[in-house]
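I have placed the structure first, in the form of C-alpha cells, so that the comments after it can refer back to it.
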Amino acid sequence: MATALSSWEPEILPDIPDVPRPALENAVRNACIEFCERTHLWTQDLDRIDVEADTREYALTEPSGAEIILIDDLKYKQDGADDDQFTTLGPISENQKNLQDSGSWKYRDSATPSGYYALPDNPTEVLLYNIPTVASSEGLLVKVCLRPSRDCTTVQDFIYKSHFKTIGLGAKADLFARKGQAWYDLKESTKCEYKFINACNDAMVLKMTGATKRATRVQMREFI
C-alpha cells in the first residue's frame, strides 16, 4: 500500500494556506527523499539473483517508484542449499582495495565469493569478490536502502503513519525557503529545517533497534 503526497495537506496548509497543490506535493516528495537518505529506514529485499560462474557484476532492479541509495545487506548460498545456509558477505571498498592490495584483486576467483562492493556512481549494480567460479541458482539475496523516485506521486505507508510530522517539517522548510513566493520566510524555514534534521536523527535509532526497546548503547559493567 502507498500514501498520496497530497495526504500532507492538513499538516501544511494551516501554516502556508496559499501554496498550490503541485508545489506542496513537490515539497513533500523532497522531504520524503531527504528523510530516506538521512535515515536509511526504507529497506527491501529484492528478488533473488542467479549467480553465474565467472561473472562479477550483477544488476539490481529498482522497485517501482523507488531508487536504490545503497546496499544494506547481501547474502550468498551455494547452489541447491536451503535458505538456512545463506551467509552474509562483507562489504569492501574498491578505493581501499586499490590502495592496499595489488592491482590483480579484482580478477581473483574462487568457488564462492567472500565479499561485495558497489560503485558510488552506480548503486544499481553489485560486484562480487572473489569472482565465483561455480553457479548458484537464486544464490544472492540483496537488501537495499531506498528513497522515493523524483516522479513519484505516492510514498510508503510507514512514512506517513510513523513520520507524518517529520515529513511535514521538511516540506515546510522547503516551501518557506522559496524566494519570490508570498509565503517566503527564511526564519521559519530555518526553524523547520532544524526540527526536521533532529527528527531524522531520532528516526535513525530505529535502524539500530528496530521497533523494540533494545538499548542503543553498551552498558557499563559494575565493578565489585
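The values are calculated or read from the model by the stated rules, or taken from the named source; none is laboratory data. Computed from a predicted model, the values in this text were never measured in an experiment. Every residue, glycine as well, gets a Cβ built from its backbone with ideal geometry; the counts of neighbours run over all protein chains shown.
Remarks
- Region 41-58, residues that are under 20 Å from the mean Cα position of the chain (by Cα), among the aliphatic types (A, V, I, L, M) and in a loop (DSSP other than H, G, I, E, B): 41, 46
- Some residue of region 126-137 being surrounded by fewer than 17 Cβ atoms within 10 Å (Cβ to Cβ) and among the aromatic types (Phe, Trp, Tyr): no
- Residues that are among the aliphatic types (A, V, I, L, M) and part of a loop (DSSP other than H, G, I, E, B), drawn from region 59-72: 60
- Residues located in region 138-174, provided they are crowded, with 22+ Cβ neighbours inside 10 Å, more than 18 Å from the chain's Cα centre (by Cα) and not in a helix (DSSP H, G or I): 139, 140
- Taking every residue in region 91-102 that is over 18 Å from residue 113 (Cα atoms) and pairing it with any residue that is surrounded by 12 or more Cβ atoms within 10 Å (Cβ to Cβ) and modelled with pLDDT under 90, at least 6 positions away or on another chain, yields no pair with a Cβ-Cβ distance below 6 Å.
- Qualifying residue in region 100-108 (condition: surrounded by 15 or more Cβ atoms within 10 Å (Cβ to Cβ) and among the charged types (D, E, K, R)): yes
- Looking across 5, 24, 46, one residue alone is surrounded by 15 or more Cβ atoms within 10 Å (Cβ to Cβ), within 18 Å of residue 161 (Cα to Cα) and not basic (Lys, Arg). It is 5.
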